[in-house]
Amino acid sequence: MKKITKIVLFTILLLSIIFYFITLIVPKIIDKQRNEIRVKGPYVASQEAENMYKSLNFIADLHCDALLWKRDLLKDNDFGQVDIPKMLKASVGIQAFTIVTKSPKGQNFDKNSANSDNITSLFLVQGRPSNSLTKRAVLQCEDLFNFAKKSDGKFRVITSSTDFKNYLADRKSKNNITAGFLGVEGAHALDGKIENVQLLYDNGVRMMATTHFFDNKLGGSAHGVSGAGLTDFGKDVILKMNVLNMIIDVAHGSPKLIDDILKISEKPIISSHTGVKGTCDNVRNLSDKHIKAIANSQGLISIAMFKQAVCGTDASATAKAIKYVSDLVGVQYVALGSDFDGSVITPFDITGLPLIVEELMKLDFTSNEIQKIMGGNVKEFLLKNLP
Ligand SMILES: [Zn+2]
């Protein structure tokens with residue numbers, strides 16, 4: 001072998017080894033930095049709240065971006081806000097795993113263009129480079145199913161109402177099982193192709209938000225530039241989702257986009273992780289008009305657990321927003337939508353949910369109402385709306 005060939009081969013080998021170690025170390029560093037917890041557990045709520053939490057029949061959360069970070073969700077990690085052991089510890093009935101495929105550089109709540117992307121380099125250092133947003137979504141779907149496969153039956157991915165009914169029946173005899181279902185945050189994950197709605201559905205996705213932090217081919221984001229409503233393509237996507245019984249999520253939509261979706265969708269609408277202008281007035285949060293319209297569609301308003309959504313840094317701020325929605329439209333339309341692992345600082349990880357119950361008790365919610373808020377409403381919704 002010529003000397004030059006040997007040098008080239010050696011360099012390739014060396015670079016491959018370096019890249020391999022980068023994929024092991026760097027994603028974990030980024031994950032730790034992006035998903036902070038204000039206070040580390042274990043979390044202690046009042047004895048009454050702990051007792052109430054233990055009595056809850058079903059606990060559910062409608063938004064978590066844990067799949068983005070390529071974290072091993074089968075491990076009880078000492079960082080991050082959600083993994084399967086923590087879900088089991090918190091007796092979680094179901095967690096929505098929402099897929100992020102693109103996020104703008106310098107992401108902010110006011111104005112973002114679609115011209116840059118942080119996820120390209122994140123996926124590269126994770127060792128799963130892809131320029132296709134659909135491919136990025138599919139990879140995350142596959143990860144969740146793989147976790148289920150390797151979980152010794154402790155975790156399953158729900159894709160139909162039959163699945164869900166069987167799972168609910170199994171929960172009566174087994175207390176050490178938990179579940180998730182797949183959502184997508186931002187329908188730019190379709191790569192602009194209507195046929196990819198079906199492709200994502202076939203990969204297990206059962207919920208999709210039209211936009212994320214920037215305007216896309218469907219219409220305007222709350223944090224975009226155009227403030228636009230639904231485009232013709234956006235309308236086609238909504239109607240296709242209706243046909244497939246894919247749940248429509250309006251989180252991060254521009255007000256006009258939400259109006260348009262409410263006008264044409266024949267199925268209930270949800271906002272998977274939101275605050276409300278009534279307690280925290282900013283562009284990411286729902287107006288009273290939209291809260292009423294979503295309730296009117298028989299949908300759900302799921303309240304998030306971080307500062308920019310609820311204008312507070314502890315469980316009481318989330319409880320306050322829950323109370324606001326409940327007073328405005330009725331307790332049957334409220335749910336939890338933490339935004340765990342969504343590049344936000346939360347007051348606790350998923351094992352801290354009893355602290356929400358404690359705050360709800362302080363606001364004089366009855367045990368029946370707390371059952372509904374903490375997961376009962378989501379259970380009813382999924383029974384009715386999953387395909
Ligand atoms: Zn979000």
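Tell me, please, whether a residue that is more than 19 Å from P347 (Cβ to Cβ), of a type in the set (S, T, Y) and modelled with pLDDT of 95 or more can be found in the range 102-120. Give the derivation first.
Our first condition is that a residue be more than 19 Å from P347 (Cβ to Cβ); within the range 102-120, this holds for 102-120.
With of a type in the set (S, T, Y) added as a condition, the list becomes 103, 113, 116, 120.
Pick out the ones that are also modelled with pLDDT of 95 or more and you get none.
Within the range 102-120 (the criterion being more than 19 Å from P347 (Cβ to Cβ), of a type in the set (S, T, Y) and modelled with pLDDT of 95 or more), the answer is no, since none of the residues qualifies.
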Selected residue (only one of F147, F123 is surrounded by 15 or more Cβ atoms within 10 Å (Cβ to Cβ) and in contact (Cβ under 8 Å) with a residue 40 or more places away in the chain): F147
Pairs where the first residue, in the range 368-387, is without any contact (Cβ under 8 Å) to a residue 60 or more places away in the chain and the second is in a helix (DSSP H, G or I) and surrounded by fewer than 20 Cβ atoms within 10 Å (Cβ to Cβ), C-beta under 7 Å, 6+ apart: K372/Q332
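Just give me the residues in the range 327-342 being within 17 Å of M374 (Cβ to Cβ) and either crowded, with 22+ Cβ neighbours inside 10 Å or in contact with a Ser or Thr (Cβ under 7 Å, 6 or more places away or on another chain) (or both), in sequence order. Don't jump to the end; show me each part of the working.
Let us first name the residues in the range 327-342 that are within 17 Å of M374 (Cβ to Cβ), namely 330-340.
Correct list: Y333, V334, A335, L336, G337, S338, D339, F340.
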Residues (out of contact with any Asp or Glu (no Cβ under 8 Å at 6 or more places or on another chain), part of a loop (DSSP other than H, G, I, E, B) and either touching a residue at least 12 places away in the same chain (Cβ under 8 Å) or within 15 Å of A60 (Cβ to Cβ) (or both)) located in the range 155-187: I158, T159, S160, N175, N176, G186
Residue list for the range 204-243, filter: surrounded by fewer than 21 Cβ atoms within 10 Å (Cβ to Cβ) and among the polar types (S, T, N, Q): S226, T231, N242
Selection from the range 143-176 of residues that are under 20 Å from the mean Cα position of the chain (by Cα) and of a type in the set (V, I, T): V157, I158, T159
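Restricting attention to the range 255-300, which residues are among the charged types (D, E, K, R) and within 16 Å of the ligand (Cβ to nearest atom)? Steps first, answer last, please.
Filtering the range 255-300 down to residues among the charged types (D, E, K, R) leaves 256, 259-260, 263, 266-267, 277, 281, 284, 288-289, 292.
The answer is R284, and nothing else.
Would it be correct to say that I30 is of a type in the set (A, V, I, L, M) and either in contact with a helix residue (DSSP H, G or I) (Cβ under 6 Å, 6 or more places away or on another chain) or modelled with pLDDT of 95 or more (or both)? Before the answer, list the steps.
Numbers: of a type in the set (A, V, I, L, M): yes; either in contact with a helix residue (DSSP H, G or I) (Cβ under 6 Å, 6 or more places away or on another chain) or modelled with pLDDT of 95 or more (or both): no.
In short, no.
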Residue check, F348 under 18 Å from the mean Cα position of the chain (by Cα), part of a loop (DSSP other than H, G, I, E, B), surrounded by 21 or more Cβ atoms within 10 Å (Cβ to Cβ) and away from the ligand (no atom under 16 Å from the Cβ): yes
Unmet requirement for K323, which otherwise passes all of (1) more than 18 Å from the chain's Cα centre (by Cα); (2) in a loop (DSSP other than H, G, I, E, B); (3) among the basic types (K, R): (2)
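From the list I294, I269, I303, which one is out of contact with any Cys (no Cβ under 7 Å at 6 or more places or on another chain), β-branched (V, I, T) and closer than 21 Å to S343 by Cα?
Working: I294 fails: closer than 21 Å to S343 by Cα; I269 fails: closer than 21 Å to S343 by Cα.
Only one candidate qualifies: I303.
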Criterion: within 21 Å of the chain's Cα centre (by Cα) and modelled with pLDDT of 95 or more - qualifying residue of N385, N368: N385
Matching residues, the range 40-83, being among the hydrophobic types (A, V, I, L, M, F, W, C) and without any contact (Cβ under 8 Å) to a residue 24 or more places away in the chain: V44
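The values are calculated or read from the model by the stated rules, or taken from the named source; none is laboratory data. Values in this document were obtained by computation on a predicted structure and should not be read as measured data. Quick reminder, even Gly has a Cβ in these numbers, built from the backbone with ideal geometry, and neighbours come from all protein chains shown.
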